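We did not get these values from a lab; they are worked out from the coordinates using the rules stated. Just so it is clear, the structure is predicted and the values come from calculations on it, not from any experiment. All Cβ positions, even for glycine, are placed from backbone atoms using ideal geometry, and neighbour counts span all protein chains on display.
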Amino acid sequence: MGTHKKTRKFQVKKIIGQRDARLKKNQETGKTTDSKQRKDDDVIREAPQVSSALFFQYNTALVPPYNVLVDTNFISHTVQKKLELLSTMMDCLYAKCIPIITDCVMAELEKLGQKYRIALRIARDERWERLKCGHKGTYADDCIVDRVMRHKIYIVATNDRDLKRRIRKVPGVPIMSVARGKYVIERLPGMCSTCHKIDFLPVEGSYAATLLDFQSRG
């Protein structure tokens, strides 16, 4: 009968890891992380979304029918998304709208050539209001910014990032743009921090006011 082969046994030293929770220093850090998590839980991470229609309370000159200054970029995006200009505006604002085309916007569309012939045809529609420009050149952005700074009765319809950034610096002027297959409107710049406490009061004569009146009677 053979003998069992013996192997040398090595003694292994048991060592606790540096991040073990049983260590005193790790217990102290664990308490601090728990306190931080409690503080983070108390902080409100997400504020309730406020209706963008609130901007009507911050500019009393914005009343139906709304005057919408239309940019070249906005018309081209409308054509790309296959939207109808006037009806989509009314769906966005729930009131009558007057699209306004300036001479410089028309000149820009004419310069763009055959690629923008459909956009030019839409801009030439007789239902829209035309504004004459007295400035030199055909750069529409400066013209639109100058008009809204002098008269805060317009909603600016554009998808141009640079023009949006310039318009946001002008308090009291909302911006309409094409997004997600429809028209969306931004809140006014310079709104107070307590705007979420104010209820939306529809403008008299608007579709929203008529709808609320009908619901209250029913």
Report summary line: Counting only backbone N atoms under 19 Å from a point 7 Å out along Cα-to-Cβ of ALA107, the residues of region 73-99 in range are 73-75
Report summary line: Diffusion coefficient in µm²/s returned for region 60-127 by Stokes-Einstein, Kirkwood Rh over C-alpha pairs, 10 °C and 1.306 mPa s, is 126
Report summary line: Under the 7 Å Cα-to-Cβ spin-label approximation, ARG150 and LYS96 lie apart by a distance in nanometres of 2.6
Query raised in the report: What is the gain in length, in nm to one decimal, between ALA179 and ASP142 on full extension, counting 0.36 nm per residue of separation less the C-alpha to C-alpha distance?
Result: 10.9 nm
Report task. Can you list which of the GluC sites (Glu not before Pro) found in region 103-188 are DSSP loop residues with at most 10 other C-beta atoms within 10 Å? Result -> GLU126
Requested in this report: Determine the relative contact order of region 64-189: mean sequence separation of Cα pairs under 8 Å and six or more apart, normalised by residue count, in whole percent.
Outcome: 30
Report task. Answer rounded, prolate or oblate for region 64-189, using the Cα gyration tensor with square roots of eigenvalues a ≥ b ≥ c: rounded when a/c is under 1.5, else prolate when a/b is larger than b/c, else oblate. Result -> rounded
**Report entry** Fewest-first ranking of ILE185, ILE118, ILE155, using other Cβ atoms within 10 Å as the exposure measure
**Finding:** ILE118, ILE185, ILE155
Query raised in the report: Given +1 on the Cβ of Lys and Arg, -1 on the Cβ of Asp and Glu, and no further charges, what dipole in debye does region 64-189 carry about its Cα centre, rounded to the nearest 20?
Result: 240
Query raised in the report: Label points 7 Å out from Cα along the Cβ direction at ALA61 and GLN114: separation in nm?
Result: 4.3
